[in-house]
Structure formats: structure tokens, C-alpha cells
1. When all alpha-carbon pairs of the stretch 474-530 are counted, what percent fall beyond 17 Å?
2. Roughly speaking, what is the stretch gain from K245 to T96, that is 0.36 nm per residue apart minus the C-alpha to C-alpha distance, in nm to one decimal?
3. How much of the accessible area of the stretch 144-191, probe 1.4 Å, is carbon plus sulfur, in whole percent?
4. Would the stretch 149-197 count as rounded, prolate or oblate if I go by the C-alpha gyration tensor, calling it rounded below 1.5 in a/c and otherwise prolate when a/b exceeds b/c, oblate otherwise?
5. When ranked by the protection proxy of mean other Cβ atoms within 10 Å per residue, highest first, what sequence do the peptides 533-546, 63-76 form?
6. Let's test the formula: R0 of 45 Å, r as the Cβ-Cβ distance of V485 and V167. What FRET efficiency results, to the nearest 0.05?
7. I need the phi-derived Karplus couplings for the stretch 400-411: 6.51 cos²θ - 1.76 cosθ + 1.60, θ = phi - 60°, integer Hz, Gly and Pro marked x.
8. Given the Cα-Cα distance of K175 and A556 and 0.36 nm per residue of separation, how much length would full extension add, in nm?
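The values are calculated or read from the model by the stated rules, or taken from the named source; none is laboratory data. Small disclaimer: the values here were computed from a predicted structure and weren't measured. Here the Cβ is made from the backbone with ideal geometry for all residues, glycine too, and neighbour counts use every protein chain on show. The accessibility values were calculated without ligands, DNA or RNA, using every heavy atom of the protein model including side chains. Shrake-Rupley method; radii C 1.70, N 1.55, O 1.52, S 1.80 Å.
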Amino acid sequence: MKKFNKSILYLLLAGFTLAGCDSLLDVDSERVVFKDQYDFNNANDTVYSMSAILSKVQKLANGYVLLGELRGDLMDVTSTSSAALMEINNFDISATNPYVNPPKDYYAIINNCNYVIHNIDTAIVKGGIKVMQKEYVAAKGIRAWTYMQLALNYGKAIYYDKPVLSVADAEAVQKQPALTIEELAPLLIADLAPWKDAELPNFGTIYSLQTSQCFFPVRFLLGDLYLWSGQYENAANEYHDLMLKGRKLIYPFRTMFAVAGTTRKVFTGELTYENVHWYWTLTANSPETMTYLASTNQYGRKFELDSLCYYHHVGPSSVAVNGWNSQVYHSQGPKDTLAVDTVSDLRAFGSLSQGRRLLNSVSKVPFTTEHYIYKYTLLNPLDSTKNEEKRVILYRNSLLYLRYAEAVNRLGKPNLAFAVLKYGLTSSNILKYVPLSERGATLPNYMDFPDNVFDFVSGITNVRITNTAIRSRGCGDTNLDATYVIPVLGSNQDSVLYVEDKIEQELRLETAFEGNRFHDLMRIAIRRGDNAYLADKVAAKHGNSPAIKGKLMDRANWYLK
């Protein structure tokens, strides 16, 4: 507990950073405010307070991705990796590792959130609007997400919901026990549940940064907390309601082969520009982006992921590359000129490249012998100005649907979960592909999906569109692929485990390098009571190293010391 104590005492020295609208992303502001100086007398005060909190959240960006991916099986070190990156990759992390946020960074965010939550008067009404409620809810969401990251990375976290403003406050907090994620979940759920339908702030744009996407949808947080604590029906309901009430769907953007008469694997030739359509779903301006960590060059916050990827200090593992190249692309659609099955999942494009740029018909770049992670090479373009914004995406629609699939599968409904991967969530698909034994006489709330989901504006034409399958993004007409099925197994539980493996595979193919991987493997391994589930997959990246597997068979080594 020594680290936790030091972290909390640090908060007394840190104070509360205060930034104005013009420096929302300024992490180096020297202006501070203490209890007797800051009374939240008007709506502008809440804007300044959220600026302070967001400036601290930015500090977590590098560590969020590197801890989530280098400790997993998809991101790997290279011959040019620093000692600090090697430490993370080998689970031998020193106290001075610059990419690992110490507990004090998380507690600084939590304490600032506590201060805002404790002091905002949500009853103030102007023009019929509770002008401070949005920031109040946003602070609760940021606090919950930060507590989750702290507990998942360090194993435990001390929960307190009042600001530490004195030595006496710090001493009282230090006497509290540290809690695991399972113990934290009920506290965070109770705190968030009343606000699941509340609006979040929108301070407009800074450069092209949408400030509304700097905050966490409460229903997504609740779903994740329920998922970690094994409350699968509650998780499914929260994810479902976010999909419908939040107008979140899987848009029919997909990658396609477009050269007739050829059969080839990824990276053996050029593909047309159509093949980067799926990559658009990964951009901050995509309708599928929900939450990101953001900064700009102007204020000195160093998001280093672009440089680390561009200069090949980190790269994709052979496990990641082989994962995409071993999939089957099933082509029978009218836009595809190939009428044969072709080996490869085209989501590899936009995820990794051979060379520093994505290869397509617009920007032709010679192949190199090494694979690069493409998702971050354009995080901070080489020709950027000091005002270039940078974003690390945390929540997007595909992750929402895969988490939903994970929850309903564990409810004993593997066919419903598999429909997310192969067919897409619509009422027609549920009635056609989900047996009555899973649907029941009356559809539960979490199975209620319309066919034509939302109006989507394309140019000047309103188009009714339907949810599409996650897997079709990179593997073509998966609904027609007779090889991608749940086989006949001995029991429903066997089917649940089989589909869970398929969901894990889709998490790998769809969300690689985005910071989720290690915790995804943790969650499934804990659920199954099988440490080898995680240990074997990570050891495979290390050439099936007995030393790495042995280390990870001890769950204590999953957490930072």
C-alpha cells in the first residue's frame, strides 16, 4: 500500500489546475485554484474545471495504449525499441519507466473530479436548463473510467468520492482498504446509474477537435462495469440502449478486392482506394467514434504513439499479421469482382502496412520488408503545424457491439452473439438466425432491434441503412460463408466457449493496437478461471517462451507493482 499512500499525499501538493477555454488542451498551465478561491458561481466555471480535468486525462494516452498492447500478443518490440518499451513487453517494468503512469496520475484525475462533483450546484437553472449538470455527469464518467484503469492496471484502487484538501483528508483516505475491480464495480455503478440518460458537455470545436467526444457515454461505462462483475444481462441492456438511444450502429463500410481474375494475400500487390473505407471508421470524424483522448501540438502534450510506430520502435507481432492473413474473404457481392474465396482479412489495411504509409491507388509507396502499425502513424502527420490535433480513440461502435456480443454470449445465447459477428443486429436476422430457445416467447429488451435502423445522410440523400456484421468489414459476404458457423457441439456451454473464442478473435482483428487487448484477455481468463488462457496467447508472441508463460500463470504478475 505504500504507493497508494504516496499518491494520495501527492494530491495535496498538486492543487487543482485551472484552464480557460482558450487553453482547454494546455497541460502546462501554472494557474491553480484551491477551495476558498473557486465557488462555481456560473456555467463558465464548469467549463474551466472540465478543462483542468481533461488536461490531466491526456497524460494517460501513451500508457493506455502501450500497457494495453505491448503486454498483449499483437504489438511487439523491434530491434530499435528502447529499454523502456522492452520492459513493458517483458513484464519487467521499472519504477522510472516513462510510459507507465504511476498511481498519482490517476488519483490526480480522480481528486479533480471529486472537487468538481462535490462543488457543482446541479440545481441552478437558466433558460429552463440545468446549466451545470452536464459537467457534473461528465466528471462522474471520467472518474469511473479512471478508477477502472487504475484497478485493472494496478490490481486495486482506494475509492473515495470527496476531494482531498487537507492532511486530515489524506490520512482518512489512507485508512481505507484498496478495492479490486469487482469490489469497485458496485460503487461506481450506483454512482453512475441515475445519470445514464443525461447529456454530456459540448464546448464546440478547437481546431477540428470535437470536444463532445472527450467524454464517456455513461451507458458504455455501466456496461463495462457490469461485464467485469459478471452481471451479463445488465451489461447487455446498457450496451443495447446505447446503440438505439445513442444512434450507434455498424455502418456498411467495408473493404473490397477490386482486381478481377487474381487471388492474392494482403500486401502482395496494390488494392484500390475502396479498401480504406473501413479505416474511415477509425478516424475521429467518423460517426462511429464516441470517445477519444485528445491534445494538440501547441500545448506540448506528447502523444508519442505516432513516432513510435512511424520509426518502427513498436510494430505488429507475427501473431497479429498471421491472424489477418489466415482469415477467409468470402466474395459474392455485386461490388466485388472476385468470385472466389481469397485468403486474408482486409481490416489489415488501416491497421498495419508495409512501409510507413498505407498502400493504395492514391498514395503508392514501395513495400519494405517490415510491417508497421498504421493506426497511429498519422496521429501527428509529418507536415503538421503546431496546432495539429492528436487523438487516441478509446470507445467506438465496433467495440460496443463486440462487448454486447460478449455479454449475451455469457447469458447462454451464443447464436445471438454470433449474429453480431456474421449477420448484423436487426430484427430480421435475430428472427432468422437466433433459435426460439434463445429468444424466448417474448423478446427481452436487449434483443429488440429494428431492421432499418437510422437515417444516414450521404451527400444530400437520406438513406435508410441497417446494422451490418462486424466480420464483413474485412471478410466480405460473411452472411453467405457456409464455413463460418457454430459447429454441432456437446452442450450449450460448449457453444458459449466456442463463440467466446470467436469474439476474442474479432476483438483482435477489429480493435488491434487500440489499448484494449491485455484487459480483454484478462477478463476472459478470469471469467474462465484459466490463467493459461492469457499466458498461452501472450507467450505465443514470445516464441512460446516458457519463462513468459510461467510468469503469467501467476495472476499477480498481470498487475503493475
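1. Of all Cα-Cα pairs in the stretch 474-530, 50 percent lie more than 17 Å apart.
2. That pair, K245 and T96, stretches by 49.2 nm at full extension.
3. 57
4. Note, shape of the stretch 149-197 comes out oblate.
5. Ranked by mean Cβ neighbours within 10 Å, highest first: 63-76, 533-546.
6. According to the calculation, E is roughly 0.10.
7. My calculation for the stretch 400-411 gives 4, 5, 6, 5, 4, 4, 4, 5, 5, 4, 6, 7 Hz in order.
8. The K175-A556 span can extend by a further 134.9 nm.
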